[in-house]
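Q: Quick one: the structure is below, questions incoming.
The values are calculated or read from the model by the stated rules, or taken from the named source; none is laboratory data. If you're wondering where the values come from, they're calculated on a predicted model, not measured in any experiment. Virtual Cβ from ideal backbone geometry, glycine too; neighbours counted across all protein chains shown. The accessibility values were calculated without ligands, DNA or RNA, using every heavy atom of the protein model including side chains. Shrake-Rupley method; radii C 1.70, N 1.55, O 1.52, S 1.80 Å.
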Amino acid sequence: MSFGYFWDGFCHFLVCALFVFVFIKARGGRENLTWEMLVGLIIGSSSLFFLPNKLPFLSRSENYYYQFWHYPISDWDILLLGGPWHRFFITHSAIIPTFLLYGPGNRRFALICLGLTIGISSHLAWDAYSSANPLIVFYPKVFYFKGFAAELWLYVNTAALLLVAEVFRRRAATCH
Ligand SMILES: [Zn+2]
């Protein structure tokens, strides 16, 4: 049984908690943490990092699907693309939450997306801060950012995601 993702996941979890705290403080503490937001926050930042990355009683393919609970959405590129490289530009950017802006206009969906967007934002910030030589892959081996350019990509997208989060917050406040 391996817990390889534990510390990385734990750090992502803590940074996410900090982001939510600051986001709520910046709103003058008027925002309540709802279960919908919490679900989004966990999927976006660290997922269920405290679980082992494989369960011995599951088959190989069941373990594959199980790992979608173990890795946050940004790191699903490992599962879906399975290459030797990591940090695909679609999962490590503001693209997915921006796309979700076109989703249903109800409050529940907006709250889940609000959590998800803050979660991914915090995930990217910690990726940028914690990796010695980050890599953002557009097309493996052909088109990628590394080092400072990758770090800049992650920080710019962190900021963009906070703006997207604000759109979801307003939407959650105005719709039912
Ligand atoms: Zn990541």
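Q: On the given criteria, is Arg171 closer than 27 Å to Lys25 by Cβ and touching a His at 6+ places or on another chain (Cβ under 6 Å)? Let's see the steps before the verdict.
A: On the way: closer than 27 Å to Lys25 by Cβ: yes; touching a His at 6+ places or on another chain (Cβ under 6 Å): no.
No.
Q: For Ile120, are the conditions met, namely being under 16 Å from Ser45 (Cβ atoms), within 11 Å of the ligand (Cβ to nearest atom), under 15 Å from the mean Cα position of the chain (by Cα) and among the β-branched types (Val, Ile, Thr)? Spell out how you get there, then give the answer.
A: Working: under 16 Å from Ser45 (Cβ atoms): yes; within 11 Å of the ligand (Cβ to nearest atom): yes; under 15 Å from the mean Cα position of the chain (by Cα): yes; among the β-branched types (Val, Ile, Thr): yes.
So Ile120 passes the test.
Q: Take the stretch 87-100 and flag every residue that is part of a loop (DSSP other than H, G, I, E, B) and open to solvent by less than 50 Å² (accessible area, probe 1.4 Å). First the steps, then the outcome.
A: Within the stretch 87-100, the subset part of a loop (DSSP other than H, G, I, E, B) is 87, 89-94.
Within the stretch 87-100, Arg87, Phe89, Thr91, His92, Ser93, Ala94 meet the criteria.
Q: Now for a different question. Identify, from the list Leu81, Leu14, Leu33, the residue that is over 16 Å from the mean Cα position of the chain (by Cα), open to solvent by 80 Å² or more (accessible area, probe 1.4 Å) and within 16 Å of the ligand (Cβ to nearest atom).
A: Numbers: Leu14 fails: over 16 Å from the mean Cα position of the chain (by Cα); Leu33 fails: within 16 Å of the ligand (Cβ to nearest atom).
Testing whether each residue is over 16 Å from the mean Cα position of the chain (by Cα), open to solvent by 80 Å² or more (accessible area, probe 1.4 Å) and within 16 Å of the ligand (Cβ to nearest atom) leaves just Leu81.
Q: Among the residues of the stretch 36-77, what is the count of those that are of a type in the set (Ser, Thr, Tyr) and under 13 Å from the mean Cα position of the chain (by Cα)? Steps first, please.
A: Step one: filter the stretch 36-77 for residues of a type in the set (Ser, Thr, Tyr), giving 45-47, 59, 61, 64-66, 71, 74.
So of that shortlist, the ones also under 13 Å from the mean Cα position of the chain (by Cα) come out as 45-47, 71, 74.
Within the stretch 36-77, residues that are of a type in the set (Ser, Thr, Tyr) and under 13 Å from the mean Cα position of the chain (by Cα) number 5.
Q: Mind counting the residues in the stretch 54-78 that are more than 15 Å from the ligand (Cβ to nearest atom), of a type in the set (S, T, N, Q) and surrounded by 14 or more Cβ atoms within 10 Å (Cβ to Cβ)?
A: Total satisfying the criteria: 1.
Q: Are any of the residues in the stretch 140-153 out of contact with any helix residue (DSSP H, G or I) (no Cβ under 7 Å at 6 or more places or on another chain) and within 14 Å of the ligand (Cβ to nearest atom)?
A: Keep residues of the stretch 140-153 that are out of contact with any helix residue (DSSP H, G or I) (no Cβ under 7 Å at 6 or more places or on another chain), which gives 140-144, 146-150, 152-153.
Retained after the next criterion (residues that are within 14 Å of the ligand (Cβ to nearest atom)): 150, 153.
Yes, some residue in the stretch 140-153 is out of contact with any helix residue (DSSP H, G or I) (no Cβ under 7 Å at 6 or more places or on another chain) and within 14 Å of the ligand (Cβ to nearest atom).
Q: Answer yes or no as to whether Ile24 is touching an Asp or Glu at 6+ places or on another chain (Cβ under 8 Å), part of a helix (DSSP H, G or I) and within 20 Å of Pro97 (Cα to Cα). Full working, then the answer.
A: Working: touching an Asp or Glu at 6+ places or on another chain (Cβ under 8 Å): yes; part of a helix (DSSP H, G or I): yes; within 20 Å of Pro97 (Cα to Cα): yes.
Yes: the conditions hold for Ile24.
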